[in-house]
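A.B. asks: Quick one: the structure is below, and I'll ask about it shortly.
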Amino acid sequence: MRIRLALLATACLSLAATALPAQAATADTHLEGRLPTGAAYVMDVPASWNGTVLLYSHGYTPAGAPNPAQNSPGPAARDTLLAGGYALIGSSYATNGWAITEAVPDQLATLDLFTRKFGAARRTLAWGTSYGGFVTSMLAERHADRFDGSLSMCGLVQGGVANWNSTLDPVFALRTLLAPDSGVRLAGFADQAEAVAAGKALTSKVDAAQRTPEGRARIALAAALHNIPGHNDPSQTEPGPADWHTAQSNQYSAVRGLLQLPAFGWRQEAESRAGGNPSWNRGVDYRSMLERSPLYKEVTELYKEAGLSLRTDLSALGRAPRISPDPTAVRWMRRTSVLSGRLTDPQLNIHTTGDALIPVQSESAYRRAVTAAGAAGLLRQAYVDAPGHCTFTPGETLAALHTLEHRLETGRWDASPGALNSRARAEDPTAEPRYLPYRPSAYPRPYDPAGDARP
């Protein structure tokens, strides 16, 4: 453990006696160390702690990648919050990958350690980004007694089963339409090497297809099944309303990213934890799924331009041999990684509209679960008009946090785009805030206790 600043021991003894926020510390405190599980933790507590502690859950870290502890979404938000008196804490999770069974207890252990060292907080909030948004919602649902509220940002709030099912759909379409005789395995991998090889093999087919009008139309169809938006990265040219070619080119880049990481390598890592393949597409009607997609018009126009029959390709998808799950893996994923929607404290979710990694429709899946659980009044969802995954400005992030605090202080939600934009401007006058009225379309394959999507 590294302690940068002095007087910690004296402060901790005082806090243990009073169980109140640290008022005895005369300097900011930064702590780093390791939990018994091996997970790293980091804590920053300002001398003028305001009594609120924010437990931050970080996003997905692939196996083999560095895994430092994180306690904020970024340095700008961190510095502003520390200057405002907030205590910031978080862990690395003991393992990388689909580490939900480690992430939740490691985050709770970090909170326990904070309380032992600094005393009980007046308010405890869970917040997190991407996969960490999923961890945040899991903490809020299953350990509500530890938190006063939660903020999930660009979160994987559709849950594990729905996520892996929806990741399967586009690669199934690509293999069926671009490489029907390739034998590329899409699930149930023996090891990481097999998964990576399969991803590379399908990527090569997609790269070749992108060079023809027919191939581009079929890639657009696959993108539509995953609701990959036509503007999904800040570096991309934003297409006009009927600029199908630019939209498809942008989607192609995202499809390549899906093949190179989540759909194969990350899937295999999750399968190794689940004890097999937790995904299936038996009984899935891809024609109906496409018709419900907001990208349907783009697909029909590109098919028409290429001289292809969309009906023929959809029939091919309907006839193709389907993938069945391993029941043991579905049970594991359902037990560990499915959100119930049973909130007992306020939660605010924010999402960018141009997210390709966790499409904005994931918010519809969580709204459905929360509504079915009778907790709709506790949930608010807000949307930022921006391409990319978690591409919020610091002002937009802090505005969301303060909106949650306003709900806790007043008992009323004030989460309109206007209110959020006003708070964002106050936090960062240099950046124009981008919250807007928006309601995402339905998630293509939800899976929750209220659902009817079963293997």
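A.B. asks: So with the 1.4 Å probe, I'd like the accessible area per residue for the chain, rounded to whole Å².
C.D. replies: Value returned for the chain: 38 Å² of accessible area per residue.
A.B. asks: Further question on the same structure: Under 23 Å Cα to Cα from K205, which lysines show up? Leave out anything in the same chain fewer than 8 places away.
C.D. replies: K304
A.B. asks: Let me check I've understood the local charge: for N67, count other residues with C-beta under 14 angstrom from its C-beta, Lys and Arg +1, Asp and Glu -1. What total comes out?
C.D. replies: It works out to a net charge of -3.
A.B. asks: Given the whole protein assembly as supplied and a 1.4 Å probe, what does the accessible area of K205 come to in Å², nearest 10?
C.D. replies: The accessible area comes out at roughly 90 Å².
A.B. asks: Sticking with this one: Rounded to whole Hz and in sequence order, give me ³J(HN,Hα) for the stretch 431-439 from the Karplus expression 6.51 cos²θ - 1.76 cosθ + 1.60, θ = phi - 60°, writing x for Gly and Pro.
C.D. replies: Listing the rounded values in order: 10, 6, x, 10, 5, 8, x, 6, 9 Hz.
A.B. asks: Here is a further query. Looking at (i) 1.07; (ii) 0.96; (iii) 1.00, which value of Rg/Rh (Cα atoms, Kirkwood Rh) comes from a calculation on the structure shown?
C.D. replies: The calculated read-out lines up with (iii).
A.B. asks: State the antiparallel share, in %, of DSSP beta bridges confined to the chain, rounding to the nearest 5.
C.D. replies: Once the DSSP bridges in the chain are tallied, antiparallel ones form about 35 percent.
A.B. asks: For the stretch 267-395, which whole percent of the accessible surface, found with a 1.4 angstrom probe, sits on carbon and sulfur atoms?
C.D. replies: That share works out to 50 percent.
A.B. asks: So what are the three principal axis dimensions of the stretch 161-333 from its Cα atoms, in whole Å, longest to shortest?
C.D. replies: Largest first, the stretch 161-333 extends 45, 35, 27 Å along its Cα principal axes.
A.B. asks: Still on this structure: Measuring from label point to label point, each 7 Å out along Cα→Cβ, what is the T237 to L408 span in nm?
C.D. replies: In this crude label model, T237 to L408 measures out at 4.7 nm.
A.B. asks: Straight-line reach from K297: which aspartates and glutamates have Cα under 13 Å away, leaving out those fewer than 8 places along the same chain?
C.D. replies: Here the aspartates and glutamates satisfying the reach criterion relative to K297 are D243, E305.
A.B. asks: How much accessible area does T371 have with a 1.4 Å probe, in Å² rounded to the nearest 10?
C.D. replies: Using a 1.4 Å probe on the heavy atoms, I get roughly 80 Å².
A.B. asks: Using a 1.4 Å probe on the protein heavy atoms only, what accessible surface does L302 show? Give it in Å² to the nearest 10.
C.D. replies: Using a 1.4 Å probe on the heavy atoms, I get roughly 10 Å².
A.B. asks: Can you compute the modelled spin-label distance between E32 and L436, with each label point 7 Å from Cα toward Cβ, in nm?
C.D. replies: Distance between label points: 4.1 nm.
A.B. asks: Under 15 Å from the Cβ of D385, count the other residues' Cβ atoms, weight Lys and Arg +1, Asp and Glu -1, and hand me the total.
C.D. replies: Neighbour charge sum, excluding D385 itself: -4.
A.B. asks: Find out how many positive minus negative residues lie around A109, taking Lys and Arg as positive, Asp and Glu as negative, among other residues whose Cβ is under 14 Å from that of A109.
C.D. replies: Around A109, the charge tally is +1.
The values are calculated or read from the model by the stated rules, or taken from the named source; none is laboratory data. Here the structure is a predicted model, which means the values were calculated and not measured. Don't worry about glycine lacking a Cβ; one is built from the backbone with ideal geometry, like all the others, and counts go over all protein chains shown. Accessible surface is based on the protein model in full, side chains and every heavy atom, while ligands, DNA and RNA are left aside. Shrake-Rupley method; radii C 1.70, N 1.55, O 1.52, S 1.80 Å.
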